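Please read the structure below before turning to the comments.
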Amino acid sequence: PRGGKDYFVKLTLTAGGARAGEETATILLKGRGEGGGCATPEELDFGPVPVGDRFALPVVVKNPHSINGLAVIGDVTGVDAPSFDVAPKGDLPIPAMSSATVMVGFSPTQKREYTGTVKMKGPGECEPADVKLKGTGVDDVLSWTPPALDFGYVSPGVEAPRQVVFVNLSKVPITL
């Protein structure tokens, strides 16, 4: 369902009026699947997310076919399922040569690692695939260097600029 699979088929051609022993030819056809409408991510990693916050990742489900298709998005399962959400769920019509976006969210309530699974099926002829979900609830996602600034003695009217570098360890935007 995720593409990358090799497919082989033998094609036998038979010709009338050919020389004896030369009336058939066998041709081996080889192709590689690209996933097409069945492609789903294997894993969604939310990384560190502050406890009490929510972060969502988009999953684009494509329909590369010339006919309308139907994707199917299941419920999140697993012990940590309540900390993840998916929208929309159920049958998701996708017009031909188009795509739809499914948002998968993570909302940790404690400082720890979380996991879950959601079944997704693109609009191709395939079985639903398990997409692993993981994230970590954390308290501190913002760090800075240096930890303190010492301006020493600065005369009135003189500027003494110092640089502070902030690093956001999560994927959640932080406003200072």
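Does residue 102 satisfy being modelled with pLDDT of 95 or more, in a strand (DSSP E or B) and open to solvent by less than 40 Å² (accessible area, probe 1.4 Å)? Spelling it out, residue 102 is indeed modelled with pLDDT of 95 or more, in a strand (DSSP E or B) and open to solvent by less than 40 Å² (accessible area, probe 1.4 Å). Can you spot a residue in the stretch 77-94 that is farther than 24 Å from residue 54 by Cβ, open to solvent by less than 60 Å² (accessible area, probe 1.4 Å), at pLDDT 90 or above and in a strand (DSSP E or B)? Yes; the residues of the stretch 77-94 include at least one that is farther than 24 Å from residue 54 by Cβ, open to solvent by less than 60 Å² (accessible area, probe 1.4 Å), at pLDDT 90 or above and in a strand (DSSP E or B). Of the residues 111, 132, 119, the single one that is open to solvent by 60 Å² or more (accessible area, probe 1.4 Å), farther than 30 Å from residue 95 by Cβ and not hydroxyl-bearing (Ser, Thr, Tyr) is 111. Of everything in the stretch 146-176 that is hydroxyl-bearing (Ser, Thr, Tyr) and open to solvent by less than 90 Å² (accessible area, probe 1.4 Å), the residue that is farthest from residue 52 (Cα to Cα) is 155.
Within the stretch 157-171, residues that are closer than 20 Å to residue 46 by Cα sit with their Cβ atoms under 6 Å from residues that are in a loop (DSSP other than H, G, I, E, B) and among the β-branched types (Val, Ile, Thr), at 6+ positions apart or across chains, in these pairs: 168/174; 169/141; 170/141.
Which one of 57, 29 is open to solvent by 40 Å² or more (accessible area, probe 1.4 Å) and closer than 29 Å to residue 127 by Cβ? Walk me through how you get there before you give the answer.
Details: 57 fails: open to solvent by 40 Å² or more (accessible area, probe 1.4 Å).
29 is the lone residue from the list that is open to solvent by 40 Å² or more (accessible area, probe 1.4 Å) and closer than 29 Å to residue 127 by Cβ.
Might you let me know whether the stretch 117-125 holds any residue that is in contact (Cβ under 8 Å) with a residue 12 or more places away in the chain, hydroxyl-bearing (Ser, Thr, Tyr), touching an Asp or Glu at 6+ places or on another chain (Cβ under 7 Å) and under 20 Å from residue 45 (Cβ atoms)? Walk me through how you get there before you give the answer.
Our first condition is that a residue be in contact (Cβ under 8 Å) with a residue 12 or more places away in the chain; within the stretch 117-125, this holds for 117-125.
Restricting the remaining residues to those that are hydroxyl-bearing (Ser, Thr, Tyr) gives 117.
Filter once more, so that each one left must be touching an Asp or Glu at 6+ places or on another chain (Cβ under 7 Å): 117.
Going one step further and asking which of them are under 20 Å from residue 45 (Cβ atoms), we end up with 117.
Within the stretch 117-125, one or more residues are in contact (Cβ under 8 Å) with a residue 12 or more places away in the chain, hydroxyl-bearing (Ser, Thr, Tyr), touching an Asp or Glu at 6+ places or on another chain (Cβ under 7 Å) and under 20 Å from residue 45 (Cβ atoms).
The values are calculated or read from the model by the stated rules, or taken from the named source; none is laboratory data. Everything quoted here is computed from the prediction, not taken from an experiment. Every residue, glycine among them, receives a Cβ derived from its backbone with ideal geometry; neighbour counts consider all protein chains shown. Note: areas computed on protein heavy atoms with side chains; ligands, DNA, RNA excluded. Shrake-Rupley method; radii C 1.70, N 1.55, O 1.52, S 1.80 Å.
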